[in-house]
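The values are calculated or read from the model by the stated rules, or taken from the named source; none is laboratory data. Keep in mind that this is a model prediction, so the values were computed, not measured. Using ideal geometry, Cβ is built from the backbone for each residue, glycine included, and neighbour counts are taken over all protein chains shown. All accessible areas refer to the heavy atoms of the entire protein, side chains included, with ligands and DNA or RNA removed. Shrake-Rupley method; radii C 1.70, N 1.55, O 1.52, S 1.80 Å.
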Amino acid sequence: MSVDFTDRTNRPGKIIALHLNYPSRIAERGRSPKFPGYFIKAGTSIAQTGDTIERPKGTELLAFEGEIALIVGETCRRVSPEDGWSKISGITAANDWGLYDLRHADKGSNVKNKSGDGYTPLGPEVLPAAELDPTALRIRTWHNGTLVQDDTTAELAFPFGQLVADLSQLMTLEQGDIILTGTPAGSSVAQPGDTLEVEVDAPTAEGAPTTGRLVTKVVESEHELAPFGAEPKVDELQREEAWGSKAKAGLTDPRDVITQELREKVAETAVATLWAQMRKRGITNCSIDGPTTNHPGTRILGYAKTLRFVPNREDLFAKFGGGFNAQKQAIDSVRPGDVVVMEARGEAGTGTLGDVLALRAQVLGAAGVVTDGGVRDSAAVAELGLPVYSNGSHPAVLGRRHVPWEFDATIACGGTTVQPGDVIVGDDDGVIVIPPHLFEEVVHDAFEQERQDAWVFDQVKEGNKVDGLFPPNAEWKAKFEAWKAGE
């Protein structure tokens, strides 16, 4: 059945769109919603197959999202999840367009970036819901003829019946209302001249019914966004989310600097050698002085997750020390591979870490913790196996000396500056900080220096004098190069 949703007599009273639903998209976004989250789109954003969508002049991030649209078949309120699907009369294909250049203006409402004219094309055919299994539908999107989205409804985070039930708890759903049910992975940015096609079908149902392809063509608008409203603004985060990944957006991920090759080289390179290479580059104040490891023989390598404490002041601790404070927020936002680095001003007279928070950091994938303060529950922390560098143990709680103040900011730890994302490397000698842009060259050169030092060690072991050998003069360097060539 074909329906012209742009006709005012068929236009829905409301369009409700879901943020995340498909596991592939959830993995792509890196967020795991506990409950459905929604936004409203304007009815005037509806378009039909073959219509064009304008990208405002001066913008760059007009993104497509192929989706399955549910059409509410009867007015309902407080529906159960089991009965939710029965309230849907039909489904059709949708493309939930959004202009990421204006996300900054919406504060989560999506009003401006999602409700432009033509931003909700629907159609071309409506499939009767009663004849369909809601868990056996397929959604596909083609970008200039290339299949870019291909997923099914078999494992949705929030089944369609649950969406109807959840929405109808607080609002009346009316006949003709549209529910957009989320997009799978593969959503990305379209350019003027591009053609997008979305199709929903039931490939395992009798006759394999299909909506046909919903076609939208992108054109460049002649009009810029006026300065009396929010103007376009993009950053790396918006580019990454609009395109679908940093790679597609042409962005470099600073957390990609620790490659497997470099990780293996660091495992065979002393921190002392890495420090020497930093010194050759004019950076000598890169060691975190004072903290020692609770697990001799182990190493740490990861990205700095920073946390700063300020000296205790009772009124400030009363305001900022309790509840879900900056310390707990920092630990709870740890990503795999992070090293939590704490600025405690060298004050070891209280704990800055205990067993519960150490466990939480470990569960989240932390590579270690470095603090120039003290550690409570030190035996229990050590039993976890998480490498922790500290200035010693102390039984007192945090509030004796500190107020947890901020995280993900530039800090000072053990006499050196640490910025979020700096590479942290530690062994039994201590911990150093390497700026990400220097990490690759420092590790490569340190690894080669380590090979040379090991060769020099063997020469001394064989009875050679250190004069001219340590460090090697031209003669010994030539011998080393010959040895390398013959390996």
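The table that follows gives values for the structure above.
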read-out	value
Cross-chain or 6+ apart pairs with Cβ under 9 Å, the range 141-167 first and under 13 Å from Pro184 (Cα atoms) and without any contact (Cβ under 8 Å) to a residue 60 or more places away in the chain, then in a strand (DSSP E or B) and of a type in the set (Asp, Glu)	none
Pairs where the first residue, in the range 461-486, is at pLDDT 85 or above and among the β-branched types (Val, Ile, Thr) and the second is part of a helix (DSSP H, G or I) and open to solvent by less than 80 Å² (accessible area, probe 1.4 Å), C-beta under 8 Å, 6+ apart	Val466/Val460
Evaluation of Ile16 against (1) open to solvent by 60 Å² or more (accessible area, probe 1.4 Å); (2) modelled with pLDDT of 95 or more (one fails), failing number	(1)
Cross-chain or 6+ apart pairs with Cβ under 7 Å, the range 340-356 first and within 11 Å of Arg308 (Cβ to Cβ), then open to solvent by 30 Å² or more (accessible area, probe 1.4 Å) and of a type in the set (A, V, I, L, M, F, W, C)	Glu343/Ala412
Every residue from the range 335-347 that is at pLDDT 95 or above and farther than 14 Å from Ile300 by Cα	Met342, Glu343, Ala344, Arg345, Gly346, Glu347
Residue match in the range 120-128 (condition: in contact (Cβ under 8 Å) with a residue 12 or more places away in the chain, in contact with a strand residue (DSSP E or B) (Cβ under 8 Å, 6 or more places away or on another chain) and under 24 Å from Pro232 (Cα atoms))	yes
Pairs, first over 26 Å from His104 (Cα atoms) in the range 213-231, second assigned to a loop (DSSP other than H, G, I, E, B), C-beta under 8 Å, six or more apart	Arg213/Thr49; Leu214/Thr49; Val215/Thr49; Val215/Gly50
Matching residues in the range 30-60 - criterion: being open to solvent by 40 Å² or more (accessible area, probe 1.4 Å) and more than 28 Å from Val219 (Cβ to Cβ)	Gly30, Arg31, Ser32, Pro33, Lys34, Phe35, Tyr38
Residue selected from the range 226-285 under the condition outside any loop (DSSP other than H, G, I, E, B), of a type in the set (Asp, Glu) and open to solvent by less than 80 Å² (accessible area, probe 1.4 Å), by the criterion farthest from Asn113 (Cα to Cα)	Glu240
Conditions (1) under 30 Å from Thr352 (Cβ atoms); (2) at pLDDT 95 or above; number of the one not met by His437	(2)
In the range 61-89, residue nearest to Val218 (Cα to Cα) [restricted to those that are loosely packed, with under 15 Cβ neighbours inside 10 Å and of a type in the set (Ser, Thr, Tyr)]	Thr75
Residue identified as of a type in the set (A, V, I, L, M) and either touching a helix residue (DSSP H, G or I) at 6+ places or on another chain (Cβ under 7 Å) or part of a loop (DSSP other than H, G, I, E, B) (or both) among Leu127, Leu102, Leu196	Leu102
Output for the range 199-225, where each listed residue is in a loop (DSSP other than H, G, I, E, B) and either closer than 22 Å to Gly50 by Cβ or more than 34 Å from the chain's Cα centre (by Cα) (or both)	Thr204, Ala205, Glu206, Gly207, Ala208, Pro209, Thr211, Gly212, Arg213
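Residue-wise test of (1) touching a Gly at 6+ places or on another chain (Cβ under 7 Å); (2) in a strand (DSSP E or B).
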site: Leu301; (1), (2): no, yes
site: Ala304; (1), (2): yes, yes
site: Leu307; (1), (2): no, yes
site: Asp315; (1), (2): no, no
site: Gly322; (1), (2): no, no
